[in-house]
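Have a look at the structure below before the remarks.
The values are calculated or read from the model by the stated rules, or taken from the named source; none is laboratory data. The shown structure was predicted, so the numbers you read here are calculated from the model rather than taken from an experiment. Cβ placement follows ideal geometry from the backbone for every residue including glycine, while neighbour counts extend to all protein chains displayed. Only protein heavy atoms, including side chains, enter the accessible area calculation; ligands, DNA and RNA are left aside. Shrake-Rupley method; radii C 1.70, N 1.55, O 1.52, S 1.80 Å.
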Amino acid sequence: MQKHQESNNPSSPAPDPQPQKTTPSSADIKRWRQYLADERAEAAVYRELAQRRDGEERQILLALAEAEGRHEAHWLKLLGEHAGMPKAASGRSRLLGFLARHFGSVFVLALAQRAEGRSPYGTDPSATPAMVADEQIHEEVVRGLATRGRNRLSGTFRAAVFGANDGLVSNLSLVMGMAATGVSSAVVLMSGVAGLLAGALSMGAGEYVSVRSQRELLNATLPTQATLTAAPSLDVEHNELVLVYLARGMTREAAEHRAAERMGLFSCDCDPSLSLQPEKEQPADDHETVGSAWGAAMSSFCFFASGAIVPIIPFIFGMTGWAALIVAGALVGVALLATGAVVGLLSGTSPLSRGLRQLAIGIGAAAATYGLGLLFGAVIV
């Protein structure tokens, strides 16, 4: 009886209603199927990259693929019977897959970093908070992996892109300026060749001097072994060896301990934490390693020349007048778009915006030089 009264008591809490399963709309199904296809494609990209790596990087990439697999399972569960046949991934995901299969991982990871940062899950109520957090963390993970790749090729890449870009812009400007003065196409061609050689030699010589000077400065800062040979003859009462270690950045306690070791006052390592050995050259960091001066000079020469030859190609093949200038401008424009896009890819930003920026700068410099050529040509006449 008591139980019956309690069940009829209006103040007792009602049991939780069973969640009602709603039928997804056609828009939901279409969106979820696209998410499903992209998650599958991204997991495949990470697995493909993992095959080209070993050790820690391989494990990180496989963990990313596993996380994308969890996201895939979420969309499969929501879709249920509506999953249907596998849908084609987005163009971006297909591009990532193509690059992962045929090219180096640096470009792929840079694109993946950008893709993870633009995940639509943050504004989609169908995605769980954990999935949103996953995508945010994935961006940082991929950023770290991409940074390793960027660091590995930073020196060579910088020299290649900026050397070629300098050659493109400077020689196009020279060709446009000379053409605007009204000289013959033969003179324009010879001016372009002279600009190519002068610029390439200048770049090569500058790079040689820069690298050689850097090596000399580094050599000048390395400690010598003088402390080993001079220590036995030093006056203990006026121990200037302490000054050596103080100048090298050691604390006074560490400097006095090290000096005593050098002078043979300590027969053992009484305090290993103070046994610093600045005389021994420390291994250089990968990012600060200085290459060969001749190698850097030749690389700069070739990279600049490869860009500088593009504006004079129409003149080499006998084109003259406006036709030659238009073709030269078009060729340089395509090359500037390409170098800008590569910079954008590796920096994780928009390839299009970086390409257009490079194009605007290059064409702007050429246009300004052409205007000055018109002015000087009119003055000469």
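Quick notes
- Charged neighbours of residue 199, selected by a Cβ distance under 13 Å, balance to -2 (K, R count +1; D, E count -1).
- With DNA, RNA and ligands ignored, accessible area of residue 162 (1.4 Å probe; Å², nearest 10): 110
- Packing, taken as the mean count of other beta carbons within 10 Å per residue, orders the peptides 332-340, 64-72, 367-375 from highest to lowest as 332-340, 64-72, 367-375.
- Compactness of segment 311-362, taken as the C-alpha radius of gyration over 2.2 N^0.38 Å, stands at 1.34.
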